[in-house]
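Undergrad: So that we are looking at the same thing, I have put the structure below in structure tokens.
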Amino acid sequence: MKLLDLLKGVATLDIKGNADVDITGVNIDSRKVTDGNVFIAVKGSAADGHSYIGKAIEQGARAIVCEDVPEPVDGITYIQVENSEQIVGQMATNFYGDPTSKLKLVGVTGTNGKTTIATVLYNMFRSMGHKAGLLSTVVNYVDGEAVPTEQTTPDPITLNELLARMVEAGCEYAFMEVSSHAIVQNRIGGLRFAGGLFTNITRDHLDYHKTFENYIKAKKLFFDRLPREAFAITNADDRNGMVMTQNTQATVKTYSVQSPADFKAKIIECHFEGMYLEINGREVGVQFIGKFNVSNLLAVYGAAVMLGKDPQEVLVALSTMKPVNGRFEALRSPKGFTAIVDYAH
């Protein structure tokens, strides 16, 4: 790819050198740079990428994107930008062919429930005959291929590479957990979301965000950036649920176990083996337990309906879904004992 094509949609302050060079890859880690790559020097909280520009050039970098331009080296193109961190996502999207324009991406954010909702959506759409991808805390999937994960939301380059692999594999949908860190650090920059889901928010991750207000703002920013053609589904039972969507351009829908909502459920029966629920006036048996899982399944139901699925077909699929391994998973022994496995926290 030509460097000029890689810079589409990127606000540059200055370009020194030849912008018509061929680029073989994009990197923010100087150790991973190979011949012909662009190295983007990001000022992170732990280290400043500008300190590794020389190392990146030694590794074969052909172009450097930075905020502070160093002493020029012959044959190297320098692109100066105002904020390196904010443009990584766009450059990665450009390099990998804008994968989210070729599939429907749904993001799930909130403190709890992200893994269950994203995973059940992935499993459900595959059970309906669709190829789908998953980006989660536990494991990533490119259709049926498991890809190990290290972070809830990978860096923008890894993220776009995985999404491009999903497109190549024929995936129509992708479901991903979106952490507050990823939102603030622009890891999802350049991605097009077909929809977003909000689960709930509790006083978590304050070591990073410092205040609960900052944590709320980080989550809300995800919905603020959703496009007009997307949907935003929020938990009306959470006190901050409606705060999340108050400034979004997306179509807003609500779900609730306690009050009127677009997607409403109540528990009819509850056992260790599962529950009988009523969702929008229709009964369904599910293999999940716990009131919190009713909320999770409502979010799944709402997302599937907003993605164009028939409500009855969604309920049938929900009845076949199993809990995510280790997420309040009930195990029955031959002697009649029941154990609950839950390692989420």
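Undergrad: Looking at (1) free of Cβ contacts under 8 Å to residues at least 40 places away in the same chain; (2) farther than 20 Å from Arg126 by Cα; (3) open to solvent by less than 50 Å² (accessible area, probe 1.4 Å); (4) in contact with a Lys or Arg (Cβ under 7 Å, 6 or more places away or on another chain), can you tell me which one Leu226 breaks?
TA: Of (1) free of Cβ contacts under 8 Å to residues at least 40 places away in the same chain; (2) farther than 20 Å from Arg126 by Cα; (3) open to solvent by less than 50 Å² (accessible area, probe 1.4 Å); (4) in contact with a Lys or Arg (Cβ under 7 Å, 6 or more places away or on another chain), only one is false for Leu226: (4).
Here's the yes/no breakdown for (1) surrounded by 20 or more Cβ atoms within 10 Å (Cβ to Cβ); (2) closer than 22 Å to Gly110 by Cα; (3) among the aliphatic types (A, V, I, L, M):
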residue: Val243; (1), (2), (3): no, yes, yes
residue: Met275; (1), (2), (3): yes, no, yes
residue: Glu278; (1), (2), (3): no, no, no
residue: Gly285; (1), (2), (3): no, no, no
residue: Ala303; (1), (2), (3): yes, yes, yes
residue: Lys309; (1), (2), (3): no, no, no
residue: Thr338; (1), (2), (3): no, no, no
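Undergrad: Name the one entry in Gly97, Gly113 that is among the small types (Gly, Ala, Ser), open to solvent by 10 Å² or more (accessible area, probe 1.4 Å) and modelled with pLDDT under 95. Spell out how you get there, then give the answer.
TA: On the way: Gly97 fails: modelled with pLDDT under 95.
So the residue among Gly97, Gly113 that is among the small types (Gly, Ala, Ser), open to solvent by 10 Å² or more (accessible area, probe 1.4 Å) and modelled with pLDDT under 95 is Gly113.
Per-residue answers, yes or no, for (1) of a type in the set (Lys, Arg); (2) open to solvent by less than 20 Å² (accessible area, probe 1.4 Å):
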position: Tyr122; (1), (2): no, yes
position: Met128; (1), (2): no, no
position: Lys131; (1), (2): yes, no
position: Leu135; (1), (2): no, yes
position: Val138; (1), (2): no, no
position: Tyr141; (1), (2): no, no
position: Ala146; (1), (2): no, no
position: Glu150; (1), (2): no, no
position: Asp155; (1), (2): no, no
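Undergrad: For residues that are of a type in the set (A, V, I, L, M) and more than 26 Å from the chain's Cα centre (by Cα), scanning just segment 27-63, find the one that is most open to solvent (accessible area, probe 1.4 Å). Break it down stepwise before answering.
TA: Keep residues of segment 27-63 that are of a type in the set (A, V, I, L, M), which gives 28, 33, 38, 40-42, 46-47, 53, 56-57, 61, 63.
When the remaining residues are screened for being more than 26 Å from the chain's Cα centre (by Cα), the result is 53, 56-57, 61, 63.
Details: Ile53: 9, Ala56: 0, Ile57: 40, Ala61: 6, Ala63: 0 Å².
For segment 27-63, the residue satisfying everything is Ile57.
Undergrad: Go through (1) over 23 Å from the mean Cα position of the chain (by Cα); (2) more than 18 Å from Leu197 (Cα to Cα); (3) surrounded by 17 or more Cβ atoms within 10 Å (Cβ to Cβ) for Ala261 and report which single condition fails.
TA: Of (1) over 23 Å from the mean Cα position of the chain (by Cα); (2) more than 18 Å from Leu197 (Cα to Cα); (3) surrounded by 17 or more Cβ atoms within 10 Å (Cβ to Cβ), only one is false for Ala261: (2).
Undergrad: Continuing with the same structure: Take Met176 and decide whether it is at pLDDT 95 or above and within 12 Å of the chain's Cα centre (by Cα).
TA: The answer is yes for Met176.
Undergrad: Residues in segment 96-107: is at least one aromatic (Phe, Trp, Tyr) and closer than 23 Å to Thr24 by Cβ? Can you show your working first?
TA: So the first thing to find is which residues in segment 96-107 are aromatic (Phe, Trp, Tyr), and the list is 96.
Remaining after also requiring closer than 23 Å to Thr24 by Cβ: 96.
Looking through segment 96-107, at least one residue is aromatic (Phe, Trp, Tyr) and closer than 23 Å to Thr24 by Cβ.
The values are calculated or read from the model by the stated rules, or taken from the named source; none is laboratory data. Keep in mind the model is a prediction, meaning the values are calculated, not measured. No Cβ is skipped: glycine too gets one built from the backbone with ideal geometry, and neighbour counts run over all protein chains shown. We work out accessible area using only protein heavy atoms, side chains counted, and drop any ligands, DNA or RNA first. Shrake-Rupley method; radii C 1.70, N 1.55, O 1.52, S 1.80 Å.
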